[in-house]
Amino acid sequence: MAMNGYLDEYEKLVIRMNTPRVVIDNGVCSSATIVKVDSARRDGILLEAVQILTDLNLSIKKAYISSDGRWNMDVFHVTDLNGNKLNEQSVLRYIEQSIETVYYGEDIEVNGLTALELTGTDRIGLLSEMFAVLSDLNCDVVDAKLWTHNGRVASLIYLKDCFSGSPILDTQRISKIEGRLKNVLNGDNDIKSAAKTCVSMDAMTTHIERRLHQLMFEDRDYEKRSRKQERSPTVVVTVQNWAERGYSVVNVHCRDRTKLLFDVVCTLTDMEYAVFHATINTSEDQAHLEFYIRHKDGSPISSEAERQRVIQCLEAAVERRASEGVRLEFRHPDKQGLLAEVTRTFRENGLNVTRTEISTSCDMATNIFYVTDANGDEPDTKLIESVREKIGFEWLRVKEMPSVNHKKGDGEEQQQTKAVLVSLGSLVWRNLFSFGLVKSCS
């Protein structure tokens, strides 16, 4: 009996040591809510915490990540999207409870649905053709997300049968759906651009946006750059080795936006790098992120080819979610073929969908589309209003116009120069620290 008592106490100790401890403070900082997370070090725990905060549509203004031996201490300065501190007790309790327990991702009810993963060549009208095929095959799209980047497209679509409302399980029907969609996605005869479609269990268990990053990564979208991106770089990434400490130091400088930290940490995690220390700072509309990383086996980046690959992959991670075009929100009572009708109207009027989020709740469809013209530029206001008139002003609304772009040339050079200077300053500081000329603050 005594031995059983000792075992019970030992189990409690192990649980307590491996359960993250969360402290939320609204008094220390006047402009943000402070979320502190202390936890035993394990793979993926930083990503889980960032994932919870970003899924609540919170903005991470600053963050300090530190790993001391087997223990992590992460500090996040967060606000809502309007820049306000978090005051709702229900939100604060949710953050505490979610981080302190196992977290599985966004609240998308995937039980009773069939999940499809798709990758292929992007082109104007592709989304319209995909939804037309699914409507023709009596598939009801309940939830979906689609990203485009560097001429490639990745999508997760959650389906059910239009008539029974049940998941689609028949293997012959699934093969037919996959075959029809693959034909649509095969935009050319280039073997490297071959489309992939499949029913996936990963899409049922993995955070949906993390899975989209994985699909794009597997499709090697980071290897190709469009002419527009070559002319106008929006993100600067540098990678250097700090040999004395055995770290690789990654600096990312780009325009700030929601979910930026999630996208970068997600990519580093899926590339099997561990983040030991990090500092995230935002100022106005700019963000600077610095990470001290190693491979899971404890080694830093070891070759120029690997360094270039990390740079390309992080550039792609930031760019995939960068909003291109006008943001349109479509709300309408759900019905069969609704998405096919709306996206066909986009296609017939020369609008290209660069990113979309589809959701259905209580028989109401709420869909977000980012659209450009055929050249990838912001569409004319008259064209948008014409499309709204055809679909219905009460159903389709312009929710967000793109921010004014910086002038090309000097502005972009200044951004790159600033990023390089920040990186060099960090390197100088690390060297001073190595030689004992400066001391770290407690």
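Quick note: the coordinates plus some simple rules give every number you see, no bench work behind them. Predicted model only: the values in this text are computed from it and were never measured. Note: ideal-geometry Cβ built from the backbone for every residue, glycine included; neighbour counts use all protein chains shown.
Please report Rg over Rh for the range 235-320, where both radii come from the alpha carbon positions and Rh follows the Kirkwood definition.
On the Cα set of the range 235-320, Rg over Rh gives 0.95.
One-quarter of the Cα convex hull surface for the range 12-101, in nm²?
Mean projected area for the range 12-101: 5.9 nm², to one decimal.
What nm distance separates the two modelled labels at residue 390 and residue 162, each placed 7 Å from Cα along Cα→Cβ?
Label-label distance for residue 390 and residue 162, simple model: 2.1 nm.
Mind checking the full-extension length gain between residue 305 and residue 244? Use 0.36 nm per residue of separation minus the Cα-Cα distance, one decimal, nm.
Extending this stretch completely gives an extra 19.8 nm.
Can you work out the Karplus-derived ³J(HN,Hα) for every residue in the range 169-182? Use 6.51 cos²θ - 1.76 cosθ + 1.60 with θ = phi - 60°, whole Hz, and x for glycine or proline.
10, 4, 5, 5, 5, 4, 4, 5, 4, 4, x, 5, 5, 5
If you take the beta carbon distance between residue 100 and residue 348 as r and set R0 to 56 Å, what does 1/(1 + (r/R0)^6) give as a FRET efficiency, to the nearest 0.05?
Result of the calculation: an efficiency of 0.65.
By how many nm would the segment from residue 399 to residue 196 grow when fully extended, if each residue of separation counts as 0.36 nm and the alpha-carbon distance is taken off?
69.8 nm
Using 28 Å as the Cα-Cα cut-off, could you pick out the over-long pairs in 259/382; 62/382; 259/399?
Beyond 28 Å between Cα atoms: 259/382; 62/382.
Karplus couplings for the range 65-73 from phi (6.51 cos²θ - 1.76 cosθ + 1.60, θ = phi - 60°), rounded to Hz, Gly and Pro as x?
Whole-Hz 3J(HN,Hα) from phi for the range 65-73: 10, 9, 10, 10, x, 9, 10, 10, 9.
Mind grabbing the base-10 log of I(q)/I(0) for the range 326-367 at q = 0.28 Å⁻¹? Debye formula, identical points on the C-alpha positions, no solvent, two decimal places.
-1.11
What's the ranking of 44-57, 83-96 by average number of surrounding C-beta atoms within 10 Å, highest first?
44-57, 83-96
Please work out how much length the chain gains when fully extended from residue 84 to residue 40, using 0.36 nm per residue of separation minus the C-alpha to C-alpha distance, in nm with one decimal.
Result for the pair: 12.8 nm of gain on full extension.
Evaluate the distance, in nm, between pseudo-label points positioned 7 Å from the Cα of residue 205 and of residue 75 along their respective Cα→Cβ axes.
3.7 nm
Between residue 223 and residue 172, with labels modelled 7 Å along Cα→Cβ, what's the label distance in nm to one decimal, could you check?
Here the modelled spin labels are 3.9 nm apart.
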